[in-house]
Amino acid sequence: MTTTRGGHPSEDHAPELFTHPLPAQTAEARVDGGPAGEEVPHASAPEAAEPRDRKVSAMLLSGMAALGLGVAVGTLPVPYVVESPGPTYNTLGESRGSPVISITGRETYPAKGNLDLTTVYVDGGPNGPVSILDAFSAWLDPAKAVHPVELIYPNGTTKEEAEEQSSVAMTTSQENAVASALNELDIPFGQQLQAADLPEDSASAGKIEAGDILKTINGKDITSLAVVQDELAAGKGAPVSVMVERGGEPVTVDITPKDNGEGRFILGVMLKYLFTFPFDVEISLEKVGGPSAGLMFSLGIIDTVTPGDLTGGKHIAGTGTISPDGLVGPIGGIEQKLQGARSAGATLFLAPAANCGEVVGRIPDGLQVVKVENLAGARDAVERVAGGQDTSGLPTCSSN
């Protein structure tokens, strides 16, 4: 999850420069034997004082100019993004006075303990400028990460576009979390695949349209994406017969899938799930977006609709995207999330297996990290911790 916050512009006010002439030199006694105390300038005083005054003033002016230039350069924006540990949210608790997970239409059970989702603050890019000083200080801070903007955001991404993409990803992750939780609990629900978009070079161009609902492939009911993938893999590039629902009417088309360059055959259709759940799940979490809370939402839903405490009162945190069939995917900012979880008091962290390369050597003291590939594995790890069982045998990230 990402928590965006704007940059913090700084005003550079250079202090005003005041120069004061040195006091006039006075004689203790007249050189001509006159009365002491009468001011008689030394003949050499003006010639000695004036160059020194100019030299001191020039040095002060140069120093202040350099300082002002340094401040100005330090506040110049640079094309980098800074990631730092963000807050954690207990999916079993509340946010701003409302439950993070609210369920209606099914019996629920109070749960103790913590199943924390973790977040990352993101400064820079469309969220506001990052200065040279900001980037340099973040580079020196082991809890932060500095990345070129283009690695995080496509060129030209506006703040509004970034927020919209993050919001859509969050909504999708919540729906996938409900579906994966119900699958894990063997609770039936309805799901369909709908064509969202097609690339220009799609194998399905001119045959499948955006909005079509995929119903069958080679006569097999399409109940999940896996059905489509398995049929395409078995055919090894052979044409397939696909029946879609378009405007309420069935339409059958023959499509020859294309090799995606990695030996996998695809229809070339961007798909989204349409779910029909047997009860309502509402997730309330303001100013947090992205897909990475899916795993922790799934575990929170499971704990809420099943008797007892999944965590056994323990403080557990984690991250990872989730698919409707329970696969856990990689996320960004894993190091910052580890730091944020430990700072919040977590003792166990569930990390996506695909992020293990970024986990090794970066685990805070007092935090055990368990590698997870799917929801079932994550649930098993939590239940072992809850039951006080030996967790040393749980899968971990290693450098091997």
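Considering only the range 222-323, give the strands (runs of 3 or more DSSP E) lying wholly within it that have at least 3 residues that are under 30 Å from Ala386 (Cβ atoms).
On the way: elements: 240-246, 249-255, 270-276, 280-283, 315-318.
By residue number, 280-283, 315-318.
Ala196: hydrophobic (A, V, I, L, M, F, W, C), out of contact with any Lys or Arg (no Cβ under 8 Å at 6 or more places or on another chain), within 23 Å of Asn176 (Cα to Cα) and not in a loop (DSSP other than H, G, I, E, B), yes or no? Walk me through how you get there before you give the answer.
Values: hydrophobic (A, V, I, L, M, F, W, C): yes; out of contact with any Lys or Arg (no Cβ under 8 Å at 6 or more places or on another chain): no; within 23 Å of Asn176 (Cα to Cα): yes; not in a loop (DSSP other than H, G, I, E, B): yes.
It is false that Ala196 is hydrophobic (A, V, I, L, M, F, W, C), out of contact with any Lys or Arg (no Cβ under 8 Å at 6 or more places or on another chain), within 23 Å of Asn176 (Cα to Cα) and not in a loop (DSSP other than H, G, I, E, B).
Can you name every residue in the range 142-181 that is more than 16 Å from the chain's Cα centre (by Cα), hydrophobic (A, V, I, L, M, F, W, C) and open to solvent by 80 Å² or more (accessible area, probe 1.4 Å)?
none
Out of (1) at pLDDT below 95; (2) crowded, with 21+ Cβ neighbours inside 10 Å; (3) over 24 Å from Ala354 (Cα atoms), what's the single condition that is false for Gly289?
The single condition Gly289 does not satisfy is (3).
Can you name the number of the only condition in (1) crowded, with 21+ Cβ neighbours inside 10 Å; (2) touching a residue at least 60 places away in the same chain (Cβ under 8 Å) that Gly320 fails?
(2)
Quick test of your reading of the structure: Thr118 fulfils all but one of (1) β-branched (Val, Ile, Thr); (2) within 20 Å of the chain's Cα centre (by Cα); (3) in a loop (DSSP other than H, G, I, E, B). Name the failing condition by number.
Exception for Thr118: condition (3).
Check off (1) assigned to a helix (DSSP H, G or I); (2) open to solvent by 30 Å² or more (accessible area, probe 1.4 Å); (3) without any contact (Cβ under 8 Å) to a residue 60 or more places away in the chain for Glu383 and give me the number that stays unchecked.
Failing condition for Glu383: (3).
Which of the residues that make up the range 337-347 are surrounded by fewer than 24 Cβ atoms within 10 Å (Cβ to Cβ) and either under 13 Å from Gly377 (Cβ atoms) or in contact with a Ser or Thr (Cβ under 6 Å, 6 or more places away or on another chain) (or both)? Step through it out loud before you land on a result.
Here is the first cut: in the range 337-347, the residues surrounded by fewer than 24 Cβ atoms within 10 Å (Cβ to Cβ) are 339, 342-345, 347.
Matches in the range 337-347: Ala344 only.
Could you please tell me which pairs satisfy a Cβ distance under 8 Å, a separation of 6+ or placement on different chains, a first residue in the range 348-359 that is open to solvent by 10 Å² or more (accessible area, probe 1.4 Å), and a second residue that is among the basic types (Lys, Arg)?
Ala353/Lys371; Cys356/Lys371
Residues of the range 242-264 being over 17 Å from Gln191 (Cα atoms), at pLDDT 95 or above and either open to solvent by less than 60 Å² (accessible area, probe 1.4 Å) or polar (S, T, N, Q) (or both), which ones?
Of everything in the range 242-264, those that are over 17 Å from Gln191 (Cα atoms), at pLDDT 95 or above and either open to solvent by less than 60 Å² (accessible area, probe 1.4 Å) or polar (S, T, N, Q) (or both) turn out to be Val242, Val251, Thr252, Val253, Ile255, Thr256, Pro257.
Out of the range 116-130, which residues are open to solvent by less than 70 Å² (accessible area, probe 1.4 Å) and in contact with a strand residue (DSSP E or B) (Cβ under 6 Å, 6 or more places away or on another chain)?
Going through the range 116-130, the residues open to solvent by less than 70 Å² (accessible area, probe 1.4 Å) turn out to be 116-128, 130.
Scanning the range 116-130 gives Asp116, Leu117, Thr118, Thr119, Val120, Tyr121, Val122, Asp123, Gly124, Gly125, Asn127, Val130.
Being in contact (Cβ under 8 Å) with a residue 60 or more places away in the chain and under 21 Å from Arg362 (Cα atoms): is that true of Ala138 here? I'd like the intermediate steps shown before the answer.
Details: in contact (Cβ under 8 Å) with a residue 60 or more places away in the chain: no; under 21 Å from Arg362 (Cα atoms): yes.
In short, no.
Which numbered condition in (1) farther than 24 Å from Leu327 by Cβ; (2) at pLDDT below 90; (3) open to solvent by 60 Å² or more (accessible area, probe 1.4 Å) is the only one that Ala210 fails?
Answer for Ala210: the failing condition is (2).
The values are calculated or read from the model by the stated rules, or taken from the named source; none is laboratory data. Here the structure is a predicted model, which is why all the values come from computation and not from measurement. Glycine gets a Cβ as well: all are built from the backbone with ideal geometry, and neighbour counts include every protein chain shown. Each accessible area value is taken on the protein alone, full model and side chains, heavy atoms only, with ligands, DNA and RNA left out. Shrake-Rupley method; radii C 1.70, N 1.55, O 1.52, S 1.80 Å.
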